[in-house]
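Q: Take this structure first; my questions come after.
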Amino acid sequence: GAVVSQHPSRVICKSGTSVKIECRSLDFQATTMFWYRQFPKQSLMLMATSNEGSKATYEQGVEKDKFLINHASLTLSTLTVTSAHPEDSSFYICSAPPRGPSTDTQYFGPGTRLTVL
Amino acid sequence: KQEVTQIPAALSVPEGENLVLNCSFTDSAIYNLQWFRQDPGKGLTSLLLIQSSQREQTSGRLNASLDKSSGRSTLYIAASQPGDSATYLCAVRDSAGGTSYGKLTFGQGTILTVHP
């Protein structure tokens, strides 16, 4: 089946630093990728929709200048958490629907655990 | 705005029991509904996807039903096993928007523990 990878799987950083998370579709192309955030014992909340070759669409309440999204190719989207603070500590998950006739399925990455000290 | 609620929040059962997880959504104009499994600290595994025109889907010991008009879905797990222990998430994709890649709205999940 289709595979989506994320890198890194876990990152610990100091407050004020920036962290880049990669989301790759390994065996299919995705013009759209979604970025979710999940706080402990809570559900996934959509942060933004990443569109290949154009600007990302952010959900209400998500700061676009803090969470920079770049979808430079059909297999890669990156999320950069700029000037990270402890409240940004969370589990970040991306998903991607394959481009093609069947658009129902979305494949999720394994997630990235971000801890900001 | 679509809201998805899952009941119960947590469930603990002995091995072998049949169980039902519930999901409700506020806006019945959905494109499809999906059930996922999430193990601690891991990503999501899709279990079943039900199109808005369908009533149920089955995969092995899992059966998911959908009543779109009443805004409800259930996930039935037969003969539960300790390996079924995980968080089960329900997510709906709205039909509004007209795009091919609709975003998903998730419920809070049901934490299932199946003890031997």
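Q: What number of residues within the range A:97-117 are in a strand (DSSP E or B) and modelled with pLDDT under 90? First the steps, then the outcome.
A: To start, the set of residues in the range A:97-117 that are in a strand (DSSP E or B) comprises A:107-108, A:112-116.
After this cut, where a residue has to be modelled with pLDDT under 90 as well, the list is A:107.
Summing the residues that are in a strand (DSSP E or B) and modelled with pLDDT under 90 in the range A:97-117 gives 1.
Q: Any residue in the range A:75-89 that is over 18 Å from A:Gly111 (Cα atoms) sitting within a Cβ distance under 9 Å of a residue that is charged (D, E, K, R) and not in a strand (DSSP E or B)? List the pairs, counting only those 6 or more apart or interchain.
A: From residues that are over 18 Å from A:Gly111 (Cα atoms), the pairs are A:Thr82/A:Asp65; A:Thr82/A:Lys66; A:Ser83/A:Lys66.
Q: Another question about this same structure. For residues that are facing chain A (nearest Cβ under 10 Å) and aromatic (Phe, Trp, Tyr), scanning just the range B:9-46, find the one that is farthest from B:Ala79 (Cα to Cα).
A: Taking the candidates together, the pick is B:Tyr31.
Q: Could you check how many residues of the range B:47-73 are farther than 24 Å from B:Glu17 by Cβ and of a type outside the set (D, E, K, R)?
A: The number of residues fulfilling the criteria is 8.
Q: Can you find a residue that is facing chain B (nearest Cβ under 9 Å) and under 25 Å from A:Ile12 (Cα atoms) anywhere in the range A:55-75?
A: No, because not a single residue in the range A:55-75 is facing chain B (nearest Cβ under 9 Å) and under 25 Å from A:Ile12 (Cα atoms).
Q: To continue, here is another question. Does the range A:15-43 hold any residues that are among the charged types (D, E, K, R) and either under 19 Å from A:Ser90 (Cα atoms) or part of a strand (DSSP E or B) (or both), and which are they? Before the answer, list the steps.
A: To start, the set of residues in the range A:15-43 that are among the charged types (D, E, K, R) comprises A:20, A:22, A:24, A:27, A:37, A:41.
Those that are among the charged types (D, E, K, R) and either under 19 Å from A:Ser90 (Cα atoms) or part of a strand (DSSP E or B) (or both): A:Lys20, A:Glu22, A:Arg24, A:Arg37, A:Lys41.
Q: Select from the range B:68-86 the residues that are open to solvent by 50 Å² or more (accessible area, probe 1.4 Å) and farther than 25 Å from B:Thr113 by Cβ and write down the one among them that is nearest to the chain's Cα centre (by Cα).
A: Within the range B:68-86, the match that is nearest to the chain's Cα centre (by Cα) is B:Lys68.
Q: Still on this structure, please answer the following. Among the residues in the range A:14-27, are any farther than 16 Å from A:Val116 by Cβ, loosely packed, with under 14 Cβ neighbours inside 10 Å and more than 11 Å from every other protein chain (Cβ to nearest Cβ)?
A: Quick first cut of the range A:14-27, residues farther than 16 Å from A:Val116 by Cβ only: A:22-27.
Those left that are additionally loosely packed, with under 14 Cβ neighbours inside 10 Å: A:26-27.
Narrowing further to those that are more than 11 Å from every other protein chain (Cβ to nearest Cβ): A:26-27.
Within the range A:14-27, one or more residues are farther than 16 Å from A:Val116 by Cβ, loosely packed, with under 14 Cβ neighbours inside 10 Å and more than 11 Å from every other protein chain (Cβ to nearest Cβ).
Q: Something else now. Between a first residue in the range B:50-77 that is at positive phi and a second residue that is assigned to a loop (DSSP other than H, G, I, E, B) and not hydrophobic (A, V, I, L, M, F, W, C), which pairs have beta carbons less than 9 Å apart while being 6 or more apart in sequence or on different chains?
A: Note: pairs meeting the criteria are B:Gly71/B:Thr26; B:Gly71/B:Asp27; B:Gly71/B:Ser28.
Q: In this structure, is B:Leu21 at pLDDT below 95 and outside any loop (DSSP other than H, G, I, E, B)? Can you show your working first?
A: Values: at pLDDT below 95: no; outside any loop (DSSP other than H, G, I, E, B): yes.
Considered against the rule, which asks whether it is at pLDDT below 95 and outside any loop (DSSP other than H, G, I, E, B), B:Leu21 comes out as no.
Q: Please work out which one of (1) out of contact with any Lys or Arg (no Cβ under 6 Å at 6 or more places or on another chain); (2) assigned to a strand (DSSP E or B); (3) open to solvent by 50 Å² or more (accessible area, probe 1.4 Å) is the condition B:Pro40 fails and give its number.
A: (2)
The values are calculated or read from the model by the stated rules, or taken from the named source; none is laboratory data. Remember, it's a predicted structure, so these values are computed and weren't measured experimentally. Quick reminder, even Gly has a Cβ in these numbers, built from the backbone with ideal geometry, and neighbours come from all protein chains shown. When the accessible area is computed, the model is the full protein with side chains, heavy atoms only, and any ligands, DNA or RNA have been set aside. Shrake-Rupley method; radii C 1.70, N 1.55, O 1.52, S 1.80 Å.
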